[in-house]
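Have a look at the structure below, then the notes.
The values are calculated or read from the model by the stated rules, or taken from the named source; none is laboratory data. Treat the numbers as computed from the prediction; the structure is a model and nothing was measured. Glycine also receives a Cβ, built like all others from the backbone with ideal geometry; neighbour counts cover every protein chain displayed. Just so you know, the surface numbers come from the protein's heavy atoms only, side chains and all, with ligands and any DNA or RNA stripped out. Shrake-Rupley method; radii C 1.70, N 1.55, O 1.52, S 1.80 Å.
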Amino acid sequence: MLGLNKGEVKLVENKYSEWNSLFLEEKETLDLLIGNYVKDIQHIGSTAIRSILAKPILDILVGVESLSDIQQFDTNVLKEEGYYHLSKVEIEGKEVFAKFSNLNTMTKSHILHIVEYKGDWWQQHTFFRDYLNNNPQMAKEYEALKKTLAIKYPNNVSAYSEEKNSFVAKVLSQRQN
């Protein structure tokens, strides 16, 4: 089952086949809802890595020609599917939507990372996923870090994410090599 309550950090056993199937279903839904404005949709994040523990939230990369294309999205239709624009999340070059299975507990099941197709964010997210899938030892190092941080920050997803940044930077530095 997908979803974590607001701020919660919990890792679950890898269910790559199930998560990938859920991603493919969600991709079909997103194609129907916003497909006219989208260049590509990819499964990213730890649920897209074949061998490691992950938070049970699907991270989905949505590539658009320009971030201004988001203005064309029918947010009412997206809300009917449980997706809300997280306008308070301010990240240069990225817009974030989240799907909630329960608004009372703020249980988040999916995160849409909307970025310029083949831009920097697109390249970073897809490279990180592919690199860890092709380098099992690095994937296990990442998993060990995530386990430590999940214990350290069980109710602080921001701190958990922040402390992963140096590992992510280390992996991304391989892009130049």
### Query
Is it true that Glu8 is farther than 20 Å from Asn134 by Cβ and in contact with a helix residue (DSSP H, G or I) (Cβ under 9 Å, 6 or more places away or on another chain)?
yes
### Message
Please determine whether any residue of the range 70-78 is free of Cβ contacts under 8 Å to residues at least 60 places away in the same chain, surrounded by 13 or more Cβ atoms within 10 Å (Cβ to Cβ) and part of a loop (DSSP other than H, G, I, E, B).
### Response
yes
### Query
Thr148 versus (1) open to solvent by less than 70 Å² (accessible area, probe 1.4 Å); (2) within 30 Å of Thr105 (Cα to Cα); (3) of a type in the set (Ser, Thr, Tyr); (4) more than 19 Å from the chain's Cα centre (by Cα): which is the lone unmet condition?
(1)
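Condition check ((1) open to solvent by 60 Å² or more (accessible area, probe 1.4 Å); (2) outside any strand (DSSP E or B)) across all residues:
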position	(1), (2)
Glu18	yes, yes
Leu30	no, yes
Ile41	no, no
Pro56	no, yes
Val62	no, no
### Message
Regarding the range 87-96, can at least one residue be identified that is touching a residue at least 24 places away in the same chain (Cβ under 8 Å), open to solvent by less than 60 Å² (accessible area, probe 1.4 Å), over 25 Å from Met1 (Cβ atoms) and basic (Lys, Arg)?
### Response
yes
### Query
Which members of the range 151-173 meet the condition of being more than 18 Å from the chain's Cα centre (by Cα) and either buried (at least 16 other Cβ atoms within 10 Å of the Cβ) or among the aromatic types (Phe, Trp, Tyr) (or both)?
Tyr153
### Query
Out of (1) of a type in the set (Gly, Ala, Ser); (2) open to solvent by 10 Å² or more (accessible area, probe 1.4 Å); (3) not in a loop (DSSP other than H, G, I, E, B), the odd one out for Ser51 is which?
(3)
### Query
Only one of Lys170, Lys164 is of a type in the set (Lys, Arg), more than 28 Å from Ser87 (Cβ to Cβ) and either in a loop (DSSP other than H, G, I, E, B) or at pLDDT 95 or above (or both); which?
Lys170
### Message
Please pick out the residue among Tyr83, Tyr117, Tyr131 that is closer than 20 Å to Ile49 by Cα and either among the aromatic types (Phe, Trp, Tyr) or open to solvent by 60 Å² or more (accessible area, probe 1.4 Å) (or both).
### Response
Tyr131
### Task
Examine the range 1-16 for a residue that is part of a helix (DSSP H, G or I) and open to solvent by 20 Å² or more (accessible area, probe 1.4 Å), and state whether such a residue exists.
yes
### Summary
In the range 99-112, anything out of contact with any Gly (no Cβ under 8 Å at 6 or more places or on another chain) and surrounded by fewer than 21 Cβ atoms within 10 Å (Cβ to Cβ) is listed as Leu103, Asn104, Thr105, Met106
